[in-house]
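Below is one structure; the comments refer to it alone.
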Amino acid sequence: MSFDSIVSSLSVGSFGSFGLLDVVFALLFPAILSIAVVYTYRKIQIHNSYSPSFLLALYMLAALSGGVTLFIGDNIARAFGLLGAMSIIRFRNALKEPIDAVFVLWTLSLGMASGAGYYLAATCFTVIVAIIALAVKYLGLADFGPPKSIIKITMDGAAKNLSLIEKTMNTYTREYRLLHELHSPEQGTHTKVYTFLPKKHLSVQDIESKIASISGAHITHAMYRPDRPAGRVID
């Protein structure tokens, strides 16, 4: 078998109406384009619920949507069959921020365009949307506000001092919000996770020292986000 015949067999008819090369391109091309999506997300993400697993999900969604679109093609029966299969899947993990849903839609769109064979359109679509998103962030076309920090506080035993934490946050922060609270009777601990903005004349370290001075309070985790979207984690 000649090289041309091998390429022809891979390109046409290996899987019915499409070939092996079609499958490879439909899966790999959107996954490669999603690198730009993930890069943009890391640059402009403005909330504190950043998760590396979400970025991995974007890569996988791009590849899967490309493959599914290729498989469906112009077959209406396959489209309805896929819709029925997807209806039995329940997603328990809701997106925390609207911006995450936008990036999911972006990834899904470029995957569908690639699966349909519109590779140039998918590339232009990805580049233009990335430029728009970065321009909005760095040209100050939207009010992103000052970056917030996250702090996780664990109290040992003395539940009466829990009110002192709230008082400290009220006194020394411009804004704060309780993200998560957990009480463990077995260990005798009470854990609270806050996102906050220190007052202008204070730093995050000042807030930590104020909380650490409370009897029984321990700072088990803190994330600072002064300039970079990814922040830096200190245990």
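Anisotropy class assigned to segment 101-205 is oblate, per the alpha carbon gyration tensor with a/c at or over the 1.5 cut-off and a/b no larger than b/c.
If the limit is 22 Å between Cα atoms, which of Lys148/Lys199; Lys152/Lys210; Lys43/Lys199; Lys43/Lys210; Lys167/Lys199 go over it? With Cα atoms farther than 22 Å apart: Lys43/Lys199; Lys43/Lys210. Taking 0.36 nm per residue of separation and subtracting the Cα-Cα distance, full extension of the segment from Ser203 to Tyr138 would add 20.9 nm.
When all protein chains stay in place and ligands, DNA and RNA are ignored, the 1.4 Å accessible-area order of Ile32, Ile44, Ile219, largest first, is Ile32, Ile219, Ile44.
Work out, step by step, the length gained on full extension between His180 and Met60: first 0.36 nm times the residue separation, then minus their alpha carbon distance; give nm to one decimal. Going from the current span to full extension adds 40.3 nm. Extending 7 Å from Cα along the Cβ direction at Tyr39 and again at His218 yields two label points whose distance is 4.3 nm.
The values are calculated or read from the model by the stated rules, or taken from the named source; none is laboratory data. Because the structure is a prediction, the values reported are computed rather than measured. Every residue, glycine as well, gets a Cβ built from its backbone with ideal geometry; the counts of neighbours run over all protein chains shown. Accessible surface areas use protein heavy atoms only, side chains included; no ligands, DNA or RNA. Shrake-Rupley method; radii C 1.70, N 1.55, O 1.52, S 1.80 Å.
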